[in-house]
Amino acid sequence: MKRIIKKISMIVAMICSATVAQSAVQAGAPLIFNQVPKALYVPVGFDSNDNAQVVFEAQFENSCYRPGVTEYSVDYSTNSILIQNKAQKYDSDFCLMVILEYKKEVNLGVLNKGTYNVLFADSSGGFQSLGAINVNEASTTSADDFLYAPIKSAQYIKTDPKKNGYVELKGVFTNSCMVMDNVKVSRPSVGVVQVLPIAKMLNKSDCRVLKENPVPFTQKVNLADFGKGRVLIHVRSLNGQAINLIEYL
């Protein structure tokens, strides 16, 4: 009997402890709300067999805010992309007055041909349109129109504050016959600089996969002729995962 009473007491104690812990989590939980970004950047050139994406940046005005999850849905009846960008506000006794910027990529997957209005949910329950994305009909069954170089990282480097800098691309070739061919750069819209690093295959009979010793490469891309302003630098890569930088030129 004493053993049973002791076991029941232990179970009750565990339940009470779990309840207290859960209450503590709930008590410290942040307020979650929809935040409309300050800017939306839309790369161009997506086809109906690409993973389309948009990039946005937002900011907080003190340290008691944090980014939350971002969800989206596609409404084909209205050709609309509805995005909920969740933010979290913590009820802290001390909030440091600083500007906290962040960016997010929203991978939309494969979309049908068309122009889609991109809307963000606001804190009042409505939606605000920040731009549009155009998806062209695919002209090839291949994943891309070009053989992109396998870019692993990109960095914008500016050594002179009065002049535009350059983008340093880094990657590795895992085929002995793959080399860099050229880099196409354009500014298709005010807020986007598009960088297409294109590779080529050498016409050799002894091409092989380099599993253990891939060949690293670095490519510098000068942006001197592409204007000023805050832009998205959108870099395509062979693996389909574009690299996105938001910088002041």
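Specify the residue that is surrounded by the most Cβ atoms within 10 Å (Cβ to Cβ); the eligible residues are those in segment 59-86 that are of a type in the set (A, V, I, L, M, F, W, C) and in contact with a Phe, Trp or Tyr (Cβ under 6 Å, 6 or more places away or on another chain). The qualifying residue surrounded by the most Cβ atoms within 10 Å (Cβ to Cβ) is Ile83.
Exactly one residue among Val36, Val69 is of a type outside the set (S, T, N, Q), more than 26 Å from Ala143 (Cα to Cα) and without any contact (Cβ under 8 Å) to a residue 24 or more places away in the chain, and that residue is Val69. Of all residues in segment 188-203, none are of a type in the set (Lys, Arg), within 20 Å of Ile233 (Cβ to Cβ) and at pLDDT 95 or above. Only one entry of Lys113, Lys200, Lys163 meets the criterion of being in contact with an Asp or Glu (Cβ under 8 Å, 6 or more places away or on another chain) and either assigned by TED's automatic domain parsing to the domain that holds Ser80 or in contact (Cβ under 8 Å) with a residue 60 or more places away in the chain (or both), and that entry is Lys113. Criterion first (touching a Lys or Arg at 6+ places or on another chain (Cβ under 9 Å), farther than 30 Å from Cys207 by Cβ and in a loop (DSSP other than H, G, I, E, B)) does Asn164 satisfy it? Taking the combined requirement at face value, the residue satisfies it. In segment 169-180 there is at least one residue that is in a strand (DSSP E or B), polar (S, T, N, Q) and in contact with a strand residue (DSSP E or B) (Cβ under 9 Å, 6 or more places away or on another chain).
The values are calculated or read from the model by the stated rules, or taken from the named source; none is laboratory data. Everything quoted here is computed from the prediction, not taken from an experiment. Positions of Cβ are generated from backbone atoms using ideal geometry, with glycine treated the same way; all protein chains shown enter the neighbour counts.
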